[in-house]
Amino acid sequence: MTFTDKLPPHNLEAEEAVIGSVLIDGDLIKGLSLSPDDFYDECCQQSYNAMLELKNSGVGINQITLAQKLQEQDKLSTVGGAAFLSHLISVVPTSLDCEYYADIVKRLSLLRQMIVTGGLISSLGLQGGDDAGEVLAKADGLLLKLRQKSGSVSLVTPKERVQRLWERYETLYKTDKGVAHKTGYLDLDRMLGGGFFPGDFIILAARPSMGKTTLAECIANNVGKGENVLFCSGEMDIEGLGDRDVARQVQASIGTIRFGGYDEALYQTIIDKALPHIGSLNIYHLECAGHGNFTTSKIYQAAFEMKAREGLSLIVIDYIGLLTDAYGRSENERIAYVSRNLKEAARALGVPILALHQLNRAVEGREDKRPRLHDLRDSGSLEQDADIVMFLYRDSYYKDTESNVAHVFIAKQRQGEGMKIVDLVWGVKDLTYKNMAREGDDRLL
């Protein structure tokens, strides 16, 4: 078989999965950068074109509305009727991987266009001409159009840059409380220039059982009082995290809450106080623990859908080492891949990502056990990719002391000074962190 006898690059399963995913969740089409021409299969091409017309008309997309639109265009029988639409839904159990399928469709579409462009360039060469420079210019023009379609070229002119900056500072000027999402810890927010900024990739690292999950929960709860948070835990299930929240609200030990056999007063406090408070927080949980699919792709898809539907201000990931992305030949390569994905996700979504990470064992062998940047476990890429790196440390973790002070070391801050320390009060009984009270202010211990 010669090269010209081969079918152009395409993936029918991916094309059908894109259409099926949008039929399951019509809002997904808003985030896709596909055109009907990107589909090789004619039935998928016509179906996607009808979907775009529904979107542009403000009509919700589902199996019924798509069938009606195709019927109006006299194309329903051409694509295979209602049975074809049912088939499209059946091939995708969930819409969460729609963007992954769309990437496959787009990539193969570009390969087909590259083949066409190569043929046009060959024709230019065969036609010849007296001015070789003119022929090369035409060939460059064809390649430039292909690059523009791929979205791989994104030059910003000085004029465009100034316009974008003008819009940025106009927004900042009109925003009384700033654009950063406040952690709820006054000194920490001050050291970070206001809190967590949109698009930041933030690492919170510590040794196991130091209390980093608790601090992440407390930050999520503080942000969740007024903004939407996506909490993704590969370590604890919804019930385990709920026990912690209940313990904080009723000021009981976590052991008491987990053991059960409550007296009537405690039970009523849980029902009447703790649960309503938890329900008032805008915290959404991606259930991953024990499900074997705790990946950066799954988190991104959930965050993308949540931002489009509900709005999203913060993503918390507990923790990086438990993400199951398979990549490379070593753990270092895999963590570097995860790190890049999380960095890109934060920027693409315009949402800060707070990701927890464990420090390596080298800390234990030093006399001074305060963490340092090189203690980040498995990959230097985390230090490189992160906009902020924070370490959590308590003397009481290593020493027999009654001190309830926890230290947050801001080791790296891309847009500010590093090597800063913030002190918080650690509540070992109810697993909470509070602002450090100072003489003359009203912060509570």
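The number of residues in the stretch 246-282 being charged (D, E, K, R) and crowded, with 20+ Cβ neighbours inside 10 Å comes to 1. Out of Ala355, Ala345, I need the residue that is buried (at least 18 other Cβ atoms within 10 Å of the Cβ), small (Gly, Ala, Ser) and outside any strand (DSSP E or B). Which one? It is Ala345. Right, Leu111: surrounded by fewer than 17 Cβ atoms within 10 Å (Cβ to Cβ), in contact with a Pro (Cβ under 7 Å, 6 or more places away or on another chain) and either modelled with pLDDT of 90 or more or outside the structural domain of Phe304 (by TED's automatic domain parsing) (or both) or not? Considered against the rule, which asks whether it is surrounded by fewer than 17 Cβ atoms within 10 Å (Cβ to Cβ), in contact with a Pro (Cβ under 7 Å, 6 or more places away or on another chain) and either modelled with pLDDT of 90 or more or outside the structural domain of Phe304 (by TED's automatic domain parsing) (or both), Leu111 comes out as yes. Among the residues of the stretch 180-203, those identified as out of contact with any strand residue (DSSP E or B) (no Cβ under 7 Å at 6 or more places or on another chain) and assigned to a helix (DSSP H, G or I) are Asp189, Arg190.
Scanning the stretch 305-342 for residues that are part of a loop (DSSP other than H, G, I, E, B) and not polar (S, T, N, Q) yields Glu310, Gly311, Leu312, Tyr319, Leu323, Asp325, Ala326, Tyr327, Gly328, Arg329.
Restricting the stretch 230-242 to residues that are modelled with pLDDT under 90 and buried (at least 17 other Cβ atoms within 10 Å of the Cβ), which is nearest to Ala303 (Cα to Cα)? Once the filter is applied, the top-ranked residue is Ser233. Considering every residue within the stretch 38-47, establish whether at least one is closer than 30 Å to Lys138 by Cα, outside any helix (DSSP H, G or I), modelled with pLDDT of 90 or more and not charged (D, E, K, R). Taking every residue of the stretch 38-47 in turn, at least one turns out to be closer than 30 Å to Lys138 by Cα, outside any helix (DSSP H, G or I), modelled with pLDDT of 90 or more and not charged (D, E, K, R).
Within the stretch 283-304, being out of contact with any Cys (no Cβ under 7 Å at 6 or more places or on another chain), farther than 16 Å from Pro352 by Cα and not in a strand (DSSP E or B) holds for Ala289, Gly290, His291, Gly292, Asn293, Thr295, Ser297, Lys298. Of the residues screened, Lys177 is one that is surrounded by fewer than 16 Cβ atoms within 10 Å (Cβ to Cβ), in a loop (DSSP other than H, G, I, E, B) and not assigned by TED's automatic domain parsing to the domain that holds Asp385. The conditions of being farther than 14 Å from Ile203 by Cα and basic (Lys, Arg) are not met by Lys343. When the stretch 28-52 is filtered for residues that are surrounded by fewer than 15 Cβ atoms within 10 Å (Cβ to Cβ) and among the charged types (D, E, K, R), the ones remaining, listed by number, are Lys30, Asp37, Glu42. Under the condition of being within 27 Å of the chain's Cα centre (by Cα) and surrounded by 14 or more Cβ atoms within 10 Å (Cβ to Cβ), which residue from the stretch 53-79 is nearest to Val92 (Cα to Cα)? Among those that are within 27 Å of the chain's Cα centre (by Cα) and surrounded by 14 or more Cβ atoms within 10 Å (Cβ to Cβ), it is Asn62.
Contact annotation: residue pairs with Cβ atoms under 7 Å, 6 or more positions apart or on different chains, pairing a residue in the stretch 366-387 that is modelled with pLDDT of 80 or more and in a loop (DSSP other than H, G, I, E, B) with a partner that is acidic (Asp, Glu) and buried (at least 18 other Cβ atoms within 10 Å of the Cβ), are Asp387/Asp200.
Condition check: within 30 Å of Glu364 (Cα to Cα) and assigned to a helix (DSSP H, G or I). Does Leu142 satisfy that? When the stated conditions are applied, Leu142 does not pass them.
Reported count of residues in the stretch 82-112, each being touching a helix residue (DSSP H, G or I) at 6+ places or on another chain (Cβ under 6 Å) and either polar (S, T, N, Q) or outside any helix (DSSP H, G or I) (or both), is 5.
The values are calculated or read from the model by the stated rules, or taken from the named source; none is laboratory data. Model, not experiment: these values are computed from the prediction. Positions of Cβ are backbone-derived with ideal geometry, glycine not excepted, and every protein chain shown enters the neighbour counts.
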